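Structure, as structure tokens:
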Amino acid sequence: MTANGTVAAPSQRRLWLALTVGGAVAIAAGVYGSVHDPSGQQTVSLFFSNTLSFKAWATTIVVALALFQLWSALRMWGKVSWPREMPSWWGDGHRLSGTLAFALSLPVAFHCLWSLGFEPDFTELRRFAHSLLGCFFYGAFAAKVLIVRSHAGPSWALPVAGGAVFTALVAIWLTSSLWFFTTFGFPAL
Amino acid sequence: MTFRRFVDGVQWLVAALAALTVILLLVAQPSEASGAAPDLGEGATVFASNCAGCHGSDGSGGVGPALVGEDVLAGFVDSQSVARFVSVGVPGRMPGFETRLTPEEIDAVAGLVFSGLGS
């Protein structure tokens, strides 16, 4: 029931549900990062020399995939006109790029949460902002996926959610990978 | 298999990977081989939250050089010289901590590092 006495439409209820789940995910990540005793250990490094190099490059690749996400979404919604003819795989390519970006972000988030934890001291501005943004990113991502899957909310809900995810990701890159490359040099493999 | 079904399959795999990540977050324990820094009071706390990310929780190195078992400390005559190094950093290689830590915290962690991390 809404404030003016009318029953909320199902799609509006689904939007609130998506936002609630997203908020819960963000809070859960923040709580875990705060109460978990950081191990300080290296985790995944693949073929990089250490975990931080892997994380800096993985996050950069995630941002590149997110840029394709943004462009492909804008094309699907007719906000850009290139390519003039959308290939038949365009929509699925959009889904695949988002899926791969999320997959690649998981080992990065694991090291952040398990090895480093949440920075609660706001005078440590970069790390504090990065901690908040990381939690917000996964919450916004969860909400966005639910909005897409359940067709929740008004027409502006999906672009707002997608924009929030993309903006958070870029801010995460600025407060981590860019800092890493400017502090330790480039390419820092 | 169509491209759409392939993407569906990838999404299921990634959903499983996400679930596995959450499980690992809850159950993974630090390895004993590279255990946490010894409990040497404030220095150990400062080290864990400011240095371990680059130098490893046991000082064995990572993106930054090892702080134990090598000659990296040979150029320092005392813990105060380590403290000055930590305060200023090395442009392009290591951030300075003068504005991030209090002088007491820098002294504590410098003492810990100069002692070979308590070894």
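The values are calculated or read from the model by the stated rules, or taken from the named source; none is laboratory data. Owing to the predicted nature of the structure, the values given are computational and were not obtained by experimental measurement. Please note: Cβ atoms are built from the backbone with ideal geometry, for glycine as well, and neighbour counts cover all protein chains shown.
Structure data summary
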item	result
Answer residue from the stretch A:110-131, given it is part of a helix (DSSP H, G or I) and free of Cβ contacts under 8 Å to residues at least 60 places away in the same chain and is nearest to B:A52 (Cα to Cα) among those	A:R127
Extreme residue, farthest from A:E119 (Cα to Cα), among residues of the stretch B:82-119 that are touching a Leu at 6+ places or on another chain (Cβ under 7 Å) and part of a loop (DSSP other than H, G, I, E, B)	B:G118
Exclusive hit being closer than 27 Å to A:L189 by Cα and not aromatic (F, W, Y), set A:S11, A:S81, A:S49	A:S49
Search result, residues across the stretch A:81-109 that are of a type in the set (A, V, I, L, M) and at pLDDT below 95	A:M86
Residues that are among the β-branched types (V, I, T) and within 8 Å of chain B (Cβ to nearest Cβ), drawn from the stretch A:92-122	A:T99
Among (1) modelled with pLDDT of 95 or more; (2) crowded, with 17+ Cβ neighbours inside 10 Å - the single one A:G117 does not satisfy	(1)
Top-ranked residue of the stretch B:9-48 - restricted to ones that are of a type in the set (G, A, S) and at pLDDT below 80, ranked as nearest to B:D107 (Cα to Cα)	B:G41
Hits in the stretch A:39-87 (condition: assigned to a helix (DSSP H, G or I) and free of Cβ contacts under 8 Å to residues at least 40 places away in the same chain)	A:A64, A:L65, A:L67, A:F68, A:W71, A:S72, A:L74, A:R75, A:M76
Hits in the stretch A:27-66 - residues which are more than 14 Å from chain B (Cβ to nearest Cβ) and modelled with pLDDT of 90 or more	A:I27, A:T59, A:T60, A:I61, A:V63, A:A64, A:A66
Matching residues in the stretch B:53-75 - criterion: being within 21 Å of A:T182 (Cβ to Cβ) and under 10 Å from the mean Cα position of the chain (by Cα)	B:G53, B:C54, B:H55, B:G62, B:V63, B:G64
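Each row is one residue, and each column tells you yes or no for (1) surrounded by 22 or more Cβ atoms within 10 Å (Cβ to Cβ); (2) closer than 24 Å to A:R14 by Cα; (3) not polar (S, T, N, Q).
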position	(1), (2), (3)
A:S131	yes, no, no
A:P159	no, yes, yes
A:S176	yes, no, no
A:W179	no, no, yes
